[in-house]
1. Do you know which of the residues in region 36-56 that are surrounded by 24 or more Cβ atoms within 10 Å (Cβ to Cβ) and assigned to a helix (DSSP H, G or I) is farthest from the chain's Cα centre (by Cα)?
2. Filter region 139-161 down to residues that are assigned to a loop (DSSP other than H, G, I, E, B) and either at negative phi or touching a Cys at 6+ places or on another chain (Cβ under 7 Å) (or both), then give me how many there are.
3. Pairs, please: C-beta under 8 Å, at least 6 apart or cross-chain, first residue free of Cβ contacts under 8 Å to residues at least 24 places away in the same chain and in region 212-235, second in a loop (DSSP other than H, G, I, E, B) and not polar (S, T, N, Q)?
4. Starting from region 10-24, keep only residues that are without any contact (Cβ under 8 Å) to a residue 40 or more places away in the chain, then list their pairs with residues that are of a type in the set (Gly, Ala, Ser) and part of a strand (DSSP E or B) whose Cβ atoms are within a distance under 8 Å, requiring at least 6 positions of separation or different chains.
5. Based on what the data block shows, is Leu261 out of contact with any strand residue (DSSP E or B) (no Cβ under 7 Å at 6 or more places or on another chain) and touching a residue at least 12 places away in the same chain (Cβ under 8 Å)?
6. Residue under question is Ile200, and the condition is that it be in contact (Cβ under 8 Å) with a residue 24 or more places away in the chain and more than 30 Å from Pro61 (Cβ to Cβ); does it hold?
7. Can you tell me which residue within region 61-92, out of those that are free of Cβ contacts under 8 Å to residues at least 60 places away in the same chain and part of a loop (DSSP other than H, G, I, E, B), is farthest from the chain's Cα centre (by Cα)?
8. Considering only residues that are under 25 Å from Ala121 (Cβ atoms) and of a type in the set (A, V, I, L, M), look in region 144-167 and name the one that is surrounded by the most Cβ atoms within 10 Å (Cβ to Cβ).
Amino acid sequence: MPIADIGASRVHYQKSGNGKESVVLLHAFPLHAGMWSRQITALSRTHQVIAPDYRGLGKSPPGPAASTMELLATDVLSLLDHLSVRRAAFVGLSMGGYLAFEIYRRSPGVFRALALCDTRAGPDSPEGAANREKFAQTAIEKGLGWVADEMTPKLLRPQPDAAAVKEVRSLIGQGTPAGVAAAQRGMARRPDSTPTLAQIACPALVVVGAEDALIPPPEAEKLAAGIKGAKLATIPGAGHLPNIESPTAFDAALLGFLEALPG
């Protein structure tokens, strides 16, 4: 897995495929780019695929106390510049969607297309932000085992497969408590992206797991309604991570979207 030294930060990322068009995969909290392993395999047959780890998650070293969307957007855009990628389709799941909104505000011209998966546009409520801070402090105190215990049931459907549980726990365990805490604090500070929806001018796809309890399907419907021309795909048999729980249906929706894009 290569590393890019970008100013004061170091970003680990996966890069695969030699296609003419690029796809950037932005992962969920509290996982890392490894959550996209199936999609990297599927997409790299026809695209160049780039999947970074956020600071303190996966193999990217921790950064400041808060991984704000502004900070992570700078990392991603700097990585693309490092790789000489001028235009790409972006796929953001959950926290990756929050990050995609920030990248779009910063650099809309880099977007060939946008897929928003199991995410929302609105900000945290004051109570939600306070809960994130409490989670951040407890993650530092109790470690990644506690994080996995807390998050895994929320990320998967109500009766998950044992293999999915094992995979998600493993992905969480490859981060750092500091990275988890910083990500929570960064998400708590994210702006309201609802006004951004009307500004999105590239082709857009909204994807949601039918059994997502964290960000349920009505939130996806709001996103699709707010983005002109957006398509909506609901993935059966999946919770918050449809790319892991129902990869065949997820990949079909994503690949169908990407293959239909104008050249």
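The values are calculated or read from the model by the stated rules, or taken from the named source; none is laboratory data. For clarity, every value in this text was computed on a predicted model and none was experimentally measured. Glycine gets a Cβ as well: all are built from the backbone with ideal geometry, and neighbour counts include every protein chain shown.
1. Filtering first and then ranking leaves Leu43.
2. Step one: filter region 139-161 for residues assigned to a loop (DSSP other than H, G, I, E, B), giving 143, 156-161.
From the residues that got through so far, the ones that are either at negative phi or touching a Cys at 6+ places or on another chain (Cβ under 7 Å) (or both) too are 156-161.
Of the residues in region 139-161, 6 are assigned to a loop (DSSP other than H, G, I, E, B) and either at negative phi or touching a Cys at 6+ places or on another chain (Cβ under 7 Å) (or both).
3. What qualifies is Pro217/Ala210; Ala224/Ala230.
4. Correct list of pairs: Gln14/Ala51.
5. Numbers: out of contact with any strand residue (DSSP E or B) (no Cβ under 7 Å at 6 or more places or on another chain): no; touching a residue at least 12 places away in the same chain (Cβ under 8 Å): yes.
Answer is no for this residue.
6. On the way: in contact (Cβ under 8 Å) with a residue 24 or more places away in the chain: yes; more than 30 Å from Pro61 (Cβ to Cβ): yes.
The answer is yes for Ile200.
7. Ser84
8. Leu155
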